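The values are calculated or read from the model by the stated rules, or taken from the named source; none is laboratory data. Remember, it's a predicted structure, so these values are computed and weren't measured experimentally. Reconstructed Cβ throughout: ideal geometry from the backbone, glycine too, with neighbour counts over all protein chains shown. Ligands, DNA and RNA are excluded from the accessible area calculation, which covers all protein heavy atoms including side chains. Shrake-Rupley method; radii C 1.70, N 1.55, O 1.52, S 1.80 Å.
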Amino acid sequence: SSIQMIADTWQSSHDTHPLAALVPITKGIFESAMAVLPPGSIDQTTQFPEAVKSAFSNFVHTFFDKGSCLSINIPRDMVSQVQLAVDQNNVVLSVLDGAKDEVLFLMCTDVFTGYRRRIETRNG
């Protein structure tokens with residue numbers, strides 16, 4: 001089926017991701033939508049529904065804006081990609097997938113402990 005083909009393709013890309021051994025497999029919004037919507041009703045260019053774009057924009061400002069006290073600590077290029085999509089009103093269903101994977105990596109690898117050890121080692 002087309003859903004299985006998409007799942008296999010996604011799994012292949014996950015297997016080659018540098019974080020694959022450290023992060024559990026998760027589905028993004030696009031893959032989840034593919035599983036519940038009729039075949040052929042969405043594709044990689046499908047946008048978030050207009051009814052939720054305002055809420056999505058608020059979500060992005062809360063968790064992606066540099067000055068936000070709730071901003072997630074992910075690479076700047078990922079943040080820029082999501083913010084650009086919102087600014088250009090081109091919010092496809094998969095726009096958060098890279099950020100989701102990065103956040104899962106941070107949650108699964110306890111990066112704070114590694115950061116603290118580096119600081120302690122550097123400071124003597």
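So PHE63 ticks every box in (1) crowded, with 17+ Cβ neighbours inside 10 Å; (2) free of Cβ contacts under 8 Å to residues at least 12 places away in the same chain; (3) assigned to a loop (DSSP other than H, G, I, E, B) but one. Which box is left unticked?
Exception for PHE63: condition (3).
Which one is farthest from THR46 (Cα to Cα) among residues in region 71-80 that are open to solvent by 40 Å² or more (accessible area, probe 1.4 Å) and part of a helix (DSSP H, G or I)?
Ranking the qualifying residues of region 71-80, first place goes to ARG76.
Looking at THR121, THR113, which one is open to solvent by 40 Å² or more (accessible area, probe 1.4 Å) and among the hydroxyl-bearing types (Ser, Thr, Tyr)?
THR121
Among the residues of region 81-110, write down those that are open to solvent by 50 Å² or more (accessible area, probe 1.4 Å), within 23 Å of THR26 (Cβ to Cβ) and over 12 Å from the mean Cα position of the chain (by Cα).
Within region 81-110, MET107, CYS108, ASP110 qualify.
Run down SER57, SER13, SER1 and say which single residue is under 16 Å from LEU104 (Cβ atoms) and either open to solvent by 50 Å² or more (accessible area, probe 1.4 Å) or modelled with pLDDT of 90 or more (or both). Show your work before the answer.
Numbers: SER57 fails: under 16 Å from LEU104 (Cβ atoms); SER1 fails: under 16 Å from LEU104 (Cβ atoms).
Criteria check complete, one pass: SER13.
When the residues of region 29-45 are filtered to those that are surrounded by 12 or more Cβ atoms within 10 Å (Cβ to Cβ) and in contact (Cβ under 8 Å) with a residue 24 or more places away in the chain, which remaining residue is farthest from LYS100 (Cα to Cα)?
Checked region 29-45; the qualifying residue farthest from LYS100 (Cα to Cα) is ILE42.
For the structure I just gave you, tell me whether SER71 is among the polar types (S, T, N, Q) and farther than 15 Å from SER94 by Cα.
Yes; evaluated as a whole, the condition is true for this residue.
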